[in-house]
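Could you have a look at this structure, given as structure tokens, before my questions?
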Amino acid sequence: MMSDFTPQARLYCAIDTPDVARAVTLAQEIGGLGLGLKLGLEFFSAAGPNGVRQVLDAVGNGAMFLDLKYHDIPNTVAAAVHAASRLGPKIINVHATGGQAMMAAAAEAARKGASEAGHPPPWIIAVTVLTSLETDDIKRAGVTGSVTEQVVRLATLAQESGLDGVVCSAHEIAPIRQALGPNFLLVTPGIRPAGADVGDQKRVMTPRDAIKAGADILVIGRPITAAPNPAAAARAILADIQNADG
Ligand code: C5P
């Protein structure tokens, strides 16, 4: 979908910390490269909307993925997404298991909140099956079939609900693309440059292979934030993305 994207537009660095000062420092170190930043539940629960504004200020309002994974009744999710969209994120997400009415309400609220605050409409994407879950885990939660089948089922529901894309493992790109075609944003965590520490991620792929497999956007945290020189690590990944495209 996003083959016309610059490498910078295809990389979001996960800033996973509860500490605003640390997040601002990291944002400043890598913000000048023009890539996006992702703030999630850890940061938001500790630092709130004001923390998000401070990070955005530090990077001159660059691209932000607010990874808050909303899942509640449609009315509540719509209100939360409306408030979050006023902060001006480029990407915001909800859980696909919240259902079609919840996703549709979230998409409408995102456009409304952004427009009221003078921002362009964000992309609203869905989490399908968390990458921490395996087939046995979802079976115990009452889901029949494999993780891949459930991912494709929920991605289809997200597309039918008017969402722009999904968060998925790089290993799920092929079946999703086959079912839903090229015009659906695939945002992929679990990325590790060759030789990098895998940490707690189980099913990883290199930036180059993930782009080649059809990922639109890569979310990469610790390989950048825990590097001795985060900007150098980010530049190397941007070069890898550029090379995969060429
Ligand atoms: O440090 P690392 O590169 O593993 O960071 C990946 C980021 O993507 C983290 O913020 C993590 O919460 C997030 N994420 C993930 N798997 C998902 C959804 C989000 O790793 N399925």
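The values are calculated or read from the model by the stated rules, or taken from the named source; none is laboratory data. Just so it is clear, the model here is predicted, and its values are computed rather than measured. All Cβ positions, even for glycine, are placed from backbone atoms using ideal geometry, and neighbour counts span all protein chains on display. Areas reflect the complete protein model, heavy atoms only, side chains present, ligands, DNA and RNA absent. Shrake-Rupley method; radii C 1.70, N 1.55, O 1.52, S 1.80 Å.
Based on the Cβ-Cβ distance from Q28 to F5, what FRET efficiency comes out when R0 is 25 Å, to the nearest 0.05?
0.55
Leaving out ligands and nucleic acids, note down the accessible area per residue over the range 148-246 with a 1.4 angstrom probe, in whole Å².
43
At a 1.4 Å probe, what is the % contribution of carbon and sulfur to the accessible area of the range 1-106?
Of the solvent-accessible surface of the range 1-106, carbon and sulfur hold 51 percent.
Which of the peptides 14-27, 46-59 is most tightly packed, and how do the rest follow, judged by the mean count of other Cβ atoms within 10 Å per residue?
Highest mean packing first, the order is 14-27, 46-59.
Among 194-201, 206-213, what's the highest-first ranking by average C-beta atoms within 10 angstrom per residue?
With the highest mean Cβ count within 10 Å placed first, the list reads 206-213, 194-201.
Further question on the same structure: Using the Karplus curve 6.51 cos²θ - 1.76 cosθ + 1.60 with θ = phi - 60°, work out ³J(HN,Hα) for each residue of the range 27-36 in order, rounded to whole Hz, and write x for Gly and Pro.
Going residue by residue, I get 4, 5, 4, 10, x, x, 7, x, 7, x Hz, with x marking Gly and Pro.
How large is the charge dipole for the chain, taken about the Cα centre, if only the Cβ atoms of Lys, Arg (+1) and Asp, Glu (-1) carry charge, to the nearest 20 debye?
Value, rounded to 20: 120 debye.
Using θ = phi - 60° and the Karplus relation 6.51 cos²θ - 1.76 cosθ + 1.60, list the HN-Hα couplings for the range 163-176 in order, rounded to whole Hz, with x at every Gly or Pro.
Each residue of the range 163-176 in turn: 7, 8, x, 9, 8, 8, 5, 4, 6, 9, 4, 4, x, 5 Hz.
Could you grab the relative contact order for the chain? Cα pairs under 8 Å, six or more apart, rounded to a whole percent.
With pairs under 8 Å counted, the relative contact order is 19 percent.
Taking the square root of 5 times each eigenvalue of the Cα gyration tensor, what semi-axes in Å does the equivalent ellipsoid of the chain have, largest first?
Its equivalent ellipsoid spans semi-axes of 25, 23, 17 Å.
First measure r as the distance between the Cβ atoms of A236 and A83, then evaluate 1/(1 + (r/R0)^6) with R0 = 41 Å and state the FRET efficiency to the nearest 0.05.
0.65
Can I ask one more? For the range 13-19, take each phi angle, set θ = phi - 60°, evaluate the Karplus expression 6.51 cos²θ - 1.76 cosθ + 1.60, and give the result in whole Hz per residue in order, putting x for glycine and proline.
8, 6, 9, 9, 7, x, 9
Moving on to the next point. For an R0 of 25 angstrom, estimate the FRET efficiency from the Cβ-Cβ distance between D137 and L41 and round to the nearest 0.05.
It comes to 0.80.
Also: Quick check: pseudo-label points 7 Å beyond the Cα along Cα→Cβ at L130 and E160, how many nm apart are they?
Result for the modelled spin labels: 2.6 nm.
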